[in-house]
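Scroll down for the structure; my scribbles are underneath it.
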Amino acid sequence: MAFGDDIEEGYPDGEKPLHFYYNREERLANAPKIVQDFYNGEGNTFKKGLFRSLVSTRSNKLLLIMIVLSAAIVVFVSKFGESADSKIISGYECELTAFSYADVVYASIKVVPKNSKEKRSEHPKASANFTMFDVDSSEVFSSEVEANCSNDEVFLRTSCTDYDILTVQVKLRIENEEMILKTKITKRQ
């Protein structure tokens with residue numbers, strides 16, 4: 001095989017190169033109607049933009065409405081739903097917080113009267129039984145703390161050495177009502 005300027009590369013010596021015949025009009029005449037309309041500029045064009053494509057068909061509109069409703073329900077429940085670390089007991093708002101700092105776990109319950117405008121003459125006793133659990137859900141530490149509620153906020157606190165404690169559970173009792181509060185421990189450096 002000799003290479004030179006007058007020989008086309010890619011074909012064996014003595015053979016003619018293949019010639020591809022392409023006729024666009026003939027190909028389009030045999031094409032389906034949708035392809036012919038597209039090449040003539042008469043077909044359906046897609047609407048540009050995210051919102052326009054989301055509302056372009058009935059099923060897309062329904063899907064968009066379902067997504068918006070689902071997001072609204074999630075936001076509503078997370079904002080107004082009851083959480084495990086705060087509850088109302090005997091007219092007092094109680095919130096449990098716990099964190100670990102310098103190998104010590106600190107747990108605290110803040111007790112605040114729900115209606116701060118009305119002053120109470122009687123101040124009930126609040127008792128909290130703190131129980132701390134480790135990775136294996138085994139009880140690591142337990143303590144009981146008592147305090148008298150007042151018209152201002154009151155804190156019930158405890159602490160213990162951190163033995164890989166993950167959660168704190170508190171059985172809180174004010175007057176004749178009893179509730180259980182739970183929270184995970186946040187790590188602070």
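Bear in mind these aren't lab numbers, they're just calculated from the coordinates by the rules spelled out. All of these numbers come straight from a predicted model, not from anything done at the bench. Glycine also receives a Cβ, built like all others from the backbone with ideal geometry; neighbour counts cover every protein chain displayed.
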Quiz prompt | Formal net charge of residues neighbouring C94 (Cβ-Cβ distance under 15 Å; K, R +1; D, E -1) | solution = -2
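Only four residue types carry charge here, +1 at the Cβ of Lys and Arg and -1 at the Cβ of Asp and Glu. Report the dipole size of the chain about the Cα centre in Debye, rounded to the nearest 20.
Dipole of the chain, to the nearest 20 debye: 1360 debye.
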Exercise. Of the listed pairs K110/K171; K119/K182; K125/K182, which have alpha-carbon separations greater than 25 Å here?
Key: K119/K182
Quiz prompt | Charge dipole of the stretch 76-189 about the Cα centre (unit charges at C-beta), most positive-ward option of L166, F133, T97 | solution = T97
Quiz item: Which net charge results for the neighbourhood of T183, defined as the other residues with beta-carbon distances under 10 angstrom from its beta-carbon, given Lys and Arg at +1 and Asp and Glu at -1?
Solution: 0
Exercise. Could you pull out every one of the aspartates and glutamates with an alpha carbon less than 20 Å from that of K114, ignoring same-chain neighbours closer than 8 positions?
Key: E82, D85, E93, E95, E122, E146, D152, E153, E175, E177, E178
Quiz prompt | GNM flexibility winner over the chain from K48, K16, K61 (Cα, springs under 10 Å) | solution = K16
Self-check item: Karplus 3J(HN,Hα) series, Hz, for the stretch 76-93 with 6.51 cos²θ - 1.76 cosθ + 1.60 (x for Gly, Pro)
Solution: 4, 5, 5, 7, 10, x, 7, 9, 6, 9, 8, 8, 10, 10, 6, x, 10, 7
Quiz item: Convex hull over the alpha-carbon atoms of the chain: what's its volume per residue in Å³?
Solution: 379
Self-check item: Estimated vicinal HN-Hα couplings, Hz - the stretch 99-107 in sequence order (Karplus 6.51, -1.76, 1.60; Gly, Pro = x)
Solution: 8, 10, 8, 6, 6, 10, 9, 10, 10
Self-check item: Dipole axis of the chain (+1 Lys, Arg; -1 Asp, Glu on Cβ), positive-most option in V111, A71, F51
Solution: V111
Quiz prompt | Residues R120 and E146, FRET efficiency given R0 of 22 Å [Cβ-Cβ distance, rounded to 0.05] | solution = 0.75
Practice problem: Taking amide H positions as placed in the peptide plane 1.01 Å from N, state which residues far from E175 in sequence (5 or more) or on other chains have amide H under 5 Å from it. | Solution: K125
Quiz item: What is the magnitude of the charge dipole of the stretch 94-189 about its Cα centre, with +1 placed on the Cβ of each Lys and Arg, -1 on the Cβ of each Asp and Glu, and no other charges, expressed in debye to the nearest 20?
Solution: 420
